[in-house]
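Accompanying notes for the structure given below.
The values are calculated or read from the model by the stated rules, or taken from the named source; none is laboratory data. Bear in mind that the values here come from a model prediction, so they are computed numbers and not experimental data. Note: ideal-geometry Cβ built from the backbone for every residue, glycine included; neighbour counts use all protein chains shown. SASA here: full protein model, heavy atoms, side chains in, ligands and nucleic acids out. Shrake-Rupley method; radii C 1.70, N 1.55, O 1.52, S 1.80 Å.
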Amino acid sequence: MSILSELTAILSPLIPIETGIFSETPPDSYLVITPLSDVFDLYTDDRPRHETQEARLSVFDKGNYTQVKNSIVRALLNTGFMITDRRYIGREDDTGYHNYAIDVAKDYDYELKED
């Protein structure tokens, strides 16, 4: 499992999602997922056993973004995600969208496989 596939599965019932950039005409409310990092923070016997994956969720909303933001945060916390940062980025004057960022992280078991 990867953070991108898990986030998409959890959040797609709540809001339209794209990875990287919204490729079609965006709706009034949508989410863009941007991968941030994949790191080996936890080692056992000098080998990585867990991989921490991080992503930024950029919420774009032309109305009141707080309701969708709160729904996303509840869904993430209920499914074991760590929220490492939340912040209002600003309103884009040219598009009318409010932008709110939620940074998330999750640990995944990492199995070394021989080639």
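The length gained on full extension between Tyr88 and Leu36, counted as 0.36 nm times the residue separation minus their Cα-Cα distance, comes to 16.9 nm.
Residues whose amide H falls under 5 Å from that of Leu42, counting only those 5 or more places apart or on a different chain, are Arg49, His50, with hydrogens built in the peptide plane.
Overall shape of the chain was characterised from the C-alpha gyration tensor. The equivalent ellipsoid obtained from it has semi-axes of 30, 14, 12 Å, in decreasing order. Distance from the Cα centroid of segment 1-33 to that of segment 55-115 is 10 Å (rounded to whole angstrom). Structural descriptor for segment 29-115: relative contact order 32 percent, calculated from alpha carbon pairs under 8 angstrom and at least 6 residues apart.
Here the Karplus curve 6.51 cos²θ - 1.76 cosθ + 1.60, taken at θ = phi - 60°, turns the phi angles of segment 91-101 into couplings of 9, 7, 4, 6, 10, x, 8, 7, 10, 10, 10 Hz, with x standing for Gly and Pro. At a probe radius of 1.4 angstrom, the accessible area of the chain per residue rounds to 61 square angstrom. 3J(HN,Hα) along segment 6-15, derived from phi through the Karplus expression 6.51 cos²θ - 1.76 cosθ + 1.60 where θ = phi - 60°, amounts to 5, 4, 4, 5, 6, 9, 4, x, 8, 7 Hz, with x in place of Gly and Pro. Set Lys and Arg Cβ to +1 and Asp and Glu Cβ to -1, take the dipole of the chain about its Cα centre, and tell me which of Leu77, Tyr65, Ser12 lies farthest positive. The one lying farthest along the dipole's positive direction is Tyr65.
Residues whose amide H lies under 5 Å from that of Tyr97, counting only those 5 or more places away or on a different chain, are Glu92; hydrogens are built 1.01 Å from N in the peptide plane. Could you tell me how many degrees, from 0 to 90 and to the nearest 10, lie between the Cα long axis of helix 66-78 and the main elongation axis, the longest principal axis, of the Cα atoms of the chain? Relative to the chain, helix 66-78 is tipped by roughly 20 degrees.
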